[in-house]
Amino acid sequence: MKQLLDLNEKAFGRAGPLEERIWAILEPVAEDMGYRLVRVRVTGDNGCTLQIMAENAQGDFTIEDCEKFSREISPILDVEEPIERAYHLEVSSPGVDRPLVRLSDFEMWAGHEAKIELAQLQDGRKRFRGTLQGVNEDQILIHIPDTPKGEEPVWALKIEDLAEAKLVMTDKLLDEARARQEAASPLDNPELETELDEADHDKDGTDEA
C-alpha cells in the first residue's frame with residue numbers, strides 16, 4: 001500500500017509573481033478536492049498557456065482527475081482573471097521526469113538523478129546536476145560528480161533557495177516508475193503505462209543539458 005502524501009506540505013520554487021498568484025487561487029481548491037499542486041507555469045506556447053500539474057494523496061493523477069480538476073478551476077479562473085488575455089489551460093500529472101518542489105519529493109526520489117537550479121548563488125554556482133541523497137532537515141542533499149577533487153561531493157542546498165528542480169529521465173527512473181505502478185495496481189492509473197512507453201521511446205532524444 002502506498003504511503004499517502006501530505007496534501008498540506010509546503011511547496012517551493014514557484015516561477016514568479018503571476019504564478020504565485022495563480023497558485024494561491026488554486027491551492028485551496030486542490031486541497032478541498034484531495035489534490036496538491038505540483039507546478040504552475042504561464043508560457044508563450046500557443047499564444048499563452050497556463051500549465052497546471054497536480055497529484056492526489058497517492059501520488060497519481062489520472063485523465064479523470066485532470067478533467068475533474070479542470071472543470072472545477074476553469075470558472076474560478078474566469079472570475080479571478082489572473083491572466084488578462086486569452087490563454088489555453090492545460091492540466092496534467094507531473095509525469096515521470098517530474099518537477100521536485102517539496103522536501104518529501106527529494107527524499108522519495110533519493111538515488112535518482114536530478115537537475116536543480118537555485119534562486120541565488122551558493123558557493124559560486126546556481127545549477128547542479130547529480131544524484132539525490134535525500135534530505136537533512138530543510139536541506140536537499142545531492143551528490144555532484146563534477147565536484148573538484150579533494151572537495152566534498154555531496155552538497156547541501158537549502159530548500160528555501162530552490163528556483164526549479166526536476167528528475168532526469170534515465171533507464172533507472174523508468175524502471176522505478178514502472179515498479180511503483182505495478183506495486184500499486186495495474187488498474188490504478190492505466191494512463192501511466194502509455195506515458196512510460198512514450199518516455200522510454202523519447203528518452204534518448206531528450207535534451208538534458
Next item on the list: Just name the residue that is surrounded by the fewest Cβ atoms within 10 Å (Cβ to Cβ) out of those in the range 88-103 that are among the aliphatic types (A, V, I, L, M) and assigned to a strand (DSSP E or B).
Entry: 89
Notebook entry, point to check: Being farther than 23 Å from residue 164 by Cα and touching a strand residue (DSSP E or B) at 6+ places or on another chain (Cβ under 7 Å), is that true of even one residue in the range 8-15?
Noted result: no
Next item on the list: May I ask you to list pairs of residues, at least six apart or on different chains, whose Cβ atoms are under 9 Å apart, with the first in the range 94-107 being without any contact (Cβ under 8 Å) to a residue 60 or more places away in the chain and the second being among the polar types (S, T, N, Q)?
Entry: 106/133
Margin query: Based on this model, can you work out whether residue 202 counts as within 30 Å of residue 125 (Cβ to Cβ), modelled with pLDDT under 95 and in a helix (DSSP H, G or I)?
Written below: yes
Check: With 132, 89, 100 as the choices, which residue is among the aliphatic types (A, V, I, L, M) and over 30 Å from residue 49 (Cα atoms)?
Finding: 132
Note to self: Taking the conditions exactly as written (touching a helix residue (DSSP H, G or I) at 6+ places or on another chain (Cβ under 8 Å), modelled with pLDDT under 95, surrounded by 12 or more Cβ atoms within 10 Å (Cβ to Cβ) and not assigned by TED's automatic domain parsing to the domain that holds residue 66), does residue 176 satisfy them or not?
What the structure shows: no
Item checked: residue 78 being among the charged types (D, E, K, R), without any contact (Cβ under 8 Å) to a residue 24 or more places away in the chain and not in a loop (DSSP other than H, G, I, E, B) -> yes
Checklist line | Extreme residue, farthest from residue 10 (Cα to Cα), among residues of the range 129-145 that are touching a residue at least 12 places away in the same chain (Cβ under 8 Å) and surrounded by fewer than 15 Cβ atoms within 10 Å (Cβ to Cβ) | finding: 145
Margin query: One residue is enough: does the range 74-87 have a residue meeting the conditions surrounded by 13 or more Cβ atoms within 10 Å (Cβ to Cβ) and within 15 Å of the chain's Cα centre (by Cα)?
Written below: no
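Determine whether the range 45-58 contains at least one residue that is under 23 Å from residue 157 (Cα atoms), in contact with a Phe, Trp or Tyr (Cβ under 9 Å, 6 or more places away or on another chain) and modelled with pLDDT under 95. Even if it seems obvious, please write down each step before you answer.
So in the range 45-58, the residues under 23 Å from residue 157 (Cα atoms) come out as none.
Scanning the range 45-58, I find no residue that is under 23 Å from residue 157 (Cα atoms), in contact with a Phe, Trp or Tyr (Cβ under 9 Å, 6 or more places away or on another chain) and modelled with pLDDT under 95, so the answer is no.
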Check: Is one or more of the residues making up the range 64-78 in contact with a Ser or Thr (Cβ under 7 Å, 6 or more places away or on another chain) and not β-branched (Val, Ile, Thr)?
Finding: yes
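The values are calculated or read from the model by the stated rules, or taken from the named source; none is laboratory data. Bear in mind that the values here come from a model prediction, so they are computed numbers and not experimental data. When we count neighbours, we look across all protein chains shown, and the Cβ atoms used for this are built from the backbone with ideal geometry, even at glycine.
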